[in-house]
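Computed from the coordinates by the stated procedures, all read-outs in this text should not be read as laboratory data. This one's a predicted model, so the numbers in the text were calculated from it and none came from an experiment. Cβ: placed from backbone, ideal geometry, glycine included. Neighbour counts: every protein chain shown.
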Amino acid sequence: MAATDTRRLSPGARLGSAVLVVWGTITGLTPHVLHHVGPLAGATFLAGAGGQALFALIAVVVSLPFLLRIYRRFHTWVAPVIALAVMAAMFALSTFVIGPAIRGDEPAPQPAVEQPAHDQHGH
């Protein structure tokens with residue numbers, strides 16, 4: 001449908017659009033949510049760099065229909081590449097900033113080393 005087309009969408013088209021919105025939301029949030037289940041699943045792989053790469057790949061695969069739809073709409077690969085770059089930036093923000101902030105990843109405070117009490121002569 002062209003941007004200047006003022007016709008109303010049919011109920012079937014509205015339902016189809018709603019289904020696509022729900023699908024896009026689920027497939028967009030799933031990799032983000034799943035990369036936090038590593039400790040719960042007991043799999044170090046999911047919590048490490050391998051898990052991050054796995055879920056980034058899943059995010060790209062499930063977004064392919066969306067990227068192809070963007071290509072068909074704009075008739076150029078520039079728009080899907082921009083969308084993919086934005087997705088990668090959001091994934092990186094989630095992985096390296098938001099995730100550690102939620103988990104509370106801070107350097108552990110170093111315990112103070114107590115020095116034994118000495119008298120004047122070093123005994």
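Key figures for this structure:
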read-out	value
Whole-Hz couplings from phi, Karplus 6.51/-1.76/1.60, listed for the stretch 60-76; x for Gly and Pro	5, 5, 6, 8, 4, x, 5, 5, 5, 5, 4, 4, 5, 6, 9, 6, 7
Which of T30, T76 has the fewest Cβ neighbours within 10 Å, and the rest in rising order	T76, T30
Phi-based couplings in Hz for the stretch 92-103 (Karplus 6.51, -1.76, 1.60; Gly and Pro marked x)	5, 4, 5, 6, 9, 10, 5, x, x, 5, 5, 6
Surrounding net charge for P80, when Lys and Arg each add one and Asp and Glu each subtract one, Cβ distance under 14 Å	+3
Residue-by-residue Karplus 3J(HN,Hα) for the stretch 79-89, coefficients 6.51, -1.76, 1.60, Hz, glycine and proline x	4, x, 5, 5, 4, 5, 5, 5, 4, 5, 5
